[in-house]
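Below is one structure, written out as structure tokens; the observations come after it.
The values are calculated or read from the model by the stated rules, or taken from the named source; none is laboratory data. Source: prediction; values computed, not measured. For neighbour counting, all protein chains shown are included, and Cβ atoms are generated from backbone atoms with ideal geometry for every residue, glycine included. Heavy atoms of the whole protein, side chains included, go into the accessibility calculation; ligands, DNA and RNA do not. Shrake-Rupley method; radii C 1.70, N 1.55, O 1.52, S 1.80 Å.
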Amino acid sequence: MMQERLLELQEEALQKVAAASELKELNEVRVAYLGKKGPITEVLRGMGKLSAEERPKIGALANDVREAIATKIEEKQKALETAAVNAKLATETIDVTLPGRPVNKGNLHPLTRVVEEIEDLFIGMGYTVAEGPEVESDYYNFEALNLPKSHPARDMQDSFYITDEILMRTHTSPVQARTMEKHKGQGPVKIICPGKVYRRDNDDATHSHQFQQIEGLVIDENISMSDLKGTLDVFAKKVFGQDREIRLRPSFFPFTEPSVEVDISCKICGGKGCSVCKQTGWIEVLGGGIVRTSLKWLASIPRNILDSHLESAWNGLPC
Amino acid sequence: MFVSYKWLQDYVDLSGINATELADKITKSGIEVERVEKKSEGLKGVVIGHVLEREQHPNADKLNKCQVDIGAENPVQIICGAPNVDKGQKVAVATVGAVLPGNFKIKKAKLRGEESHGMICSLQELGFESKLVSKDYATGIFVFPNDVEVGRDALEELGLSDEVLELGLTPNRSDALSMLGVAYEVGAILGREVKWPVVEKEEAAEKATDYISVKVEAKEDNPIYMAKIIKDVKIGPSPLWMQTRLMSAGIRPHNNVVDITNYILLEYGQPLHAFDYDRFGSKEIVIRRAKDAEKIVTLDEAERTLTPDHLVITNGSEPVAIAGVMGGADSEVKNDTTNIILESAYFAGTVVRKASKDHGLRSEASARFEKGVDPARVREAGERAAQLIAQYAGGTVLQGAAEVDGLTMEPAVISITLEKINTLLGTSMTVSVVESIFKRLQFGVELDNETFTISVPTRRGDITIEADLVEEAARLYGYDNIPATLPIGSATPGQLTDYQIKRRKARRTLEGAGLYQAVTYSLTSQEKASQFALEARESIRLAMPMSEERSQLRLSIVPQLLEVVKYNNARQIDSLALYEIGSVFFKRDEQELPEEKEHIAGAITGLWESHLWQGEKKPVDFFVAKGVIEALFDTLGLADQISYRQAEINDMHPGRTAEVLLNGEVIGFIGQVHPTVQKDLDIKETYIFELSLKALAEAEVAPIAYQTIPRYPSTTRDIALVVDQATKAGDIQDIIEEAGGKLLKEVSIFDLYEGDRMEEGKKSIAYSLKYFDPERTLTDEDITKAHDKVLEAVKEKAGAELRG
């Protein structure tokens, strides 16, 4: 009797569990069948009437029934919870193809970008970055660089003078002289000097009265023209691309001897000749050479070092 | 310098090398060939014609009907409008089918009813620049000498089949300002001989010194002066070949004597001058500095006032030429001139330069004197010119010359070792390679073991020191042959200075905050130079500005940034955030360099946030801009040292501007551009700042201290304070921070209310105060004690009342 009753209860309960569609309903089932006042407890209460042999059997069966119901309720509860979460998430769906919230971000001026790139390249090779004033004395801008007032090479520079002795610097080279005057002649010198320079040019597509230059100076024992060539080759490949070649041509600057102009193979046509390189395959980007040892500001450098040193004046970044 | 490929062959054998190849070789070894011009490019079908008949065109006053023999079976009829065309002339005829410059094709035509089979050409029509055409033919057709053969290629006769190399000479290579100089260079490059012109003296028994004497008073300025006399010349046109050579070099032909002096100038690089002997005014040449206010009328018929800075040639009493620059009109060689004084001299560069600059007269001659002519060629150039004058203008060269020669010019002698050359260049040239280079240059070479002793000819005045010889060796050895290596020496630390690091940090921070870097001009107008200036100091003006727009050095960056805003606003770009780091310039004493300071400036306008599909838009305001500079100060570790003070600054919004102080010193400002200025500039509401980067970068920064993550809880108490409208939130915050003691860790404002529910003239500010002790959990009592002090302080010092 009791056995049948228990199995009946189990059947009934499992049907209700299966039918439950909400957590609340499920909970009602739990309370109804497994609660202290539920029918299973009631059945167990009548166990006293049973024989000693039957009692444990019914007891075990009652536990199995409770367990079976509890397991199903738990399973059902998980299923209902998952369904509830899914239903909620379904309502939260967004259109992921809509654009994101923009973050304000700025950027460097292209000129600064190039300058920083070059600075970093040379810092990696043991250089420091030297800077100087943009308004210069005639002495540092010209005389210290072997360009006395009557020098014909001054024809090449049309300058913005403020007084007879003060002008907007026409190149970054005065920084070399200023740096060397401070140098105590101890150890090698490796500097690059970036900066703004000014010349009396009418502004057009390829000219500007204000532009950016960068130049370098190395003074050390056993430095040669081949080191200048090698250094510039590294520079050209880093700044203009690994496929670039450089070409040195003899030239003239009043403070270097020998002097060179440096061309880089044209990036546009790869050297075949195009309108950018005026059909030559080469683009002139800078000038350099070996600093004349007679310059006054090299006075602090010991003679043995002076007799073999190098400088290069890069001149390739019009603004 | 223009170099005719054909003319150059008079001095160097160029067989096997065309003009383009030659140009490439010259460029690679040191003189840049800027252009190779083929003069006849795009021209064809122009022949020499003989005008057999000329008559008036029956229907047109200004046209001529000509019958012209062009070497074909029958003469052709050509209608010609040139005023100077005439029977018997040899002329250039563009035949039917010919092509002239500008792809102008000649076709058979009918002009006012008369057939025309071609065109008789002027030199301009054949592509010559007007300034090169002899004045005789300036307005008409060119007439050839009678001995040219009919039917021949006129382009060939005019030297147009030649190619011209345009050399871009650096100032040191004035030796290449002559055909012979270029010949030496080409000879050295190719390893070929240089052939000099042969000067055959044919002189009369009469002596030049019987006709003229020379006295040099200014010996420094004029160490060599030679005057030759040529009698009985006949002025006329120079030979066609000479004229075409002059034109190819950019010089206009005049007459035989003048052309010859110019020809020698081009050939030897030695400027010459011819005076009319009969109009010279005396038999004495005196060279001296001009007297003050002395006057001369030069060849161009301008009266010029001289000073003692100028060197003049005189006839003993009056100037007849400005030495090396221009001759006088009185003694000019004219068509009736018969006797000539030919001057060949060495004038110092400085004195010629001064005169040419003062009088605005730059000529082929002055340019060469300025750069220094070869003293060794002065005499020979004069002799050769005299010989050519005799040959092409008739006349007799008198014996010798009246001369002064006070210049002893020894060739420079420089010694250098092979090792030195190789060390400096990083090469491994052998003795024989280097020796052959110097020999090809025609330098004197003495070799002792591995030491070269080089005698440098006077034509190469640019070579004075060892380094110059190294350069000669390098350029003729070829820079392509120098290896590429990297320096091997003791290592040096490559690094930025603290200042440079901070500048980069500033850039990164501002970019991260959304600002784009601008680079604007340092030169600006007077008005803009000092607008928004942080320090009211005088701006600096250029002595000779190119325009008023760019006449002053800026004292502030902001005006230029506002220009950028304006430019963008005018192009429908309304939202813009910019910064610039650059120098501004403050005037000091006239003799001193200005004080240069690096500033950092910004301009922000338009929308700061715009998220269109969500409908959110946030325009830029004062606090957006302030947030940006706060981030900057924070990055630089200076947040604690910065404060703000309401300020009134010209051209700024009076209620929305603050000075920025670093430890109490004003180092910048921030705020809104004054609405009237915005309106004048036609820009939208714009917030700007300008700070001294120098001050920021040089300020001392406290070391960064590590803080643990708190182990004990903190407690937050919020208060809302009612204060007067004018009371500054920052001041209250200072009071709170001071009163809160060490337990008060953070104060932040979380609400500001100024609405209707407030009493007139009052506002409410809500602060959130966070109390914390790293060592323990604070008790309610601890906090209340501290908090009460805060409340008391704000009440007392700011008149604040707690809002209920």
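Summary table
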| read-out | value |
| --- | --- |
| Stokes-Einstein D (µm²/s) once Rh is taken as the Kirkwood radius of the stretch B:203-405 over alpha-carbon pairs, at 37 °C in 0.692 mPa s | 198 |
| Peptide ranges A:248-261, B:1-14 listed from the most packed, as the mean C-beta count within 10 angstrom indicates | A:248-261, B:1-14 |
| Principal-axis tilt of helix B:729-740 within chain B, Cα atoms, nearest 10 degrees | 50 |
| Cβ-based charge dipole, the protein assembly as shown, positive-most Cα from A:ALA83, B:GLN725, B:VAL46 | A:ALA83 |
| Among B:GLY426, B:LEU638, B:LEU476 the positive-end extreme of the charge dipole of chain B (Cβ point charges) | B:LEU476 |
| Angle in degrees between helix B:498-512 and the longest Cα principal axis of chain B, rounded to the nearest 10 | 70 |
| Å² of accessible area per residue within chain A, as computed with a 1.4 Å probe and no ligands counted | 49 |
| Radius of gyration and Dmax over the Cα atoms of the stretch B:715-802, both given in Å | 13.3, 46 |
| Threshold 30 Å², the stretch A:91-111 residues less accessible with all protein chains present than alone (1.4 Å probe) | A:LEU98, A:PRO99, A:ARG101, A:PRO102, A:ASN104, A:LYS105, A:GLY106, A:ASN107, A:LEU108, A:HIS109 |
| Charge tally in the Cβ shell below 10 Å around B:ALA658, where Lys, Arg are +1 and Asp, Glu are -1, B:ALA658 excluded | +2 |
| Mean separation of Cα contacts under 8 Å (6+ apart) over length of the stretch B:1-141, as relative contact order % | 19 |
| Mean accessible surface per residue for the stretch B:412-481, computed with a 1.4 Å probe while every protein chain stays in place, in Å² | 40 |
| Between the stretch A:188-240 and the stretch B:1-45, the Cα center-to-center distance that results, in Å | 32 |
| Only Lys, Arg (+1) and Asp, Glu (-1) charged, at Cβ; the protein assembly as shown dipole about Cα centre in debye | 2100 |
| Computed accessible area, B:TRP613, all protein chains, 1.4 angstrom probe, square angstrom | 120 |
| B/A buried area, accessible surface, summed, 1.4 Å probe, Å² | 6700 |
| Environment charge of B:GLU53, counting only residues whose C-beta is closer than 14 Å and scoring Lys/Arg +1, Asp/Glu -1 | -1 |
| Taking all pairs of distinct alpha-carbon atoms in the stretch B:44-157, Kirkwood radius in angstrom | 14.0 |
| Rg/Rg_globular for the stretch A:2-91, with Rg_globular taken as 2.2 N^0.38 Å and Rg from C-alpha atoms | 1.30 |
| Stokes-Einstein translational diffusion, chain A - Kirkwood Rh over all Cα pairs, 0.692 mPa s, 37 °C, in µm²/s | 122 |
| Residues losing 50 Å² or more accessible surface upon assembly, the stretch B:518-552, compared with the chain by itself, 1.4 Å | B:VAL519, B:TYR521, B:LEU523, B:LEU542, B:MET546 |
| Per residue solvent-accessible surface (Å²) - the stretch B:710-790, probe of 1.4 Å | 61 |
| Shielding by other protein chains, B:190-202, mean Cβ within 10 Å | 0 |
| Sulfur and carbon atoms: percent of accessible area, the stretch B:550-598 [1.4 Å] | 42 |
| Convex hull per residue volume in Å³, alpha carbons only, for the protein assembly as shown | 354 |
| Sparse-neighbourhood loop sites, trypsin sites (Lys or Arg not before Pro) in the stretch B:123-161 - DSSP loop, at most 16 other Cβ within 10 angstrom | B:ARG152 |
| Kirkwood Rh in Å, taken over the stretch B:324-405 so that all alpha-carbon pairs contribute | 14.4 |
| Cβ-based net charge around B:GLY360, under 13 Å, with every Lys or Arg adding one and every Asp or Glu removing one | +3 |
| Accessible surface of chain A, 1.4 Å probe, proportion on carbon and sulfur as whole % | 53 |
| Low-density loop cleavage sites - trypsin sites (Lys or Arg not before Pro) in the stretch B:285-358, where at most 15 other Cβ are within 10 Å (DSSP) | B:LYS291, B:LYS334 |
| Tail fraction, Cα-Cα pairs, the stretch B:653-804, threshold 29 Å, whole percent | 40 |
| Accessible area of the stretch B:678-804 belonging to carbon and sulfur atoms, whole % at 1.4 Å probe | 47 |
| Peptides B:692-698, B:590-596 ordered by average Cβ neighbours within 10 Å, highest first | B:692-698, B:590-596 |
| log₁₀ of I(q)/I(0) at q = 0.11, 0.13 Å⁻¹ - the stretch B:412-481, Debye sum with one point per alpha carbon | -0.21, -0.30 |
| Packing-based order for A:113-121, B:245-253, B:750-758, using average beta carbon neighbours within 10 Å, highest first | B:245-253, A:113-121, B:750-758 |
| Number of partner chain Cβ atoms within 10 Å, mean per residue of B:346-355 | 1 |
| Cα gyration tensor of the stretch B:604-649 - equivalent ellipsoid semi-axes, whole Å, descending | 27, 15, 7 |
| Coil-residue GluC sites (Glu not before Pro) of the stretch B:291-333, DSSP, other Cβ within 10 Å capped at 13 | B:GLU301 |
| Cα-based convex hull, the stretch B:426-564, per residue volume (Å³, whole number) | 275 |
| Set B:LYS38/B:LYS108; A:LYS149/B:LYS295; B:LYS62/B:LYS87 screened for pairs whose C-alpha atoms are more than 26 Å apart | B:LYS38/B:LYS108; A:LYS149/B:LYS295 |
| Spatial separation of Cα centroids for the stretch B:64-105 and the stretch B:426-485, in angstrom | 56 |
| Dimensionless Rg ratio for chain B, taking C-alpha atoms and the 2.2 N^0.38 Å reference | 1.49 |
| With Cα atoms, 0 to 90° folded angle of helix B:622-635 axis to chain B main axis | 80 |
| Test item: B:471-480 mean partner chain Cβ contacts at 10 Å | 5 |
| Note, ³J(HN,Hα) from phi for the stretch A:186-197, Karplus 6.51, -1.76, 1.60, rounded to Hz, x at Gly and Pro | 9, x, x, 10, 9, 10, 10, 10, x, x, 7, 9 |
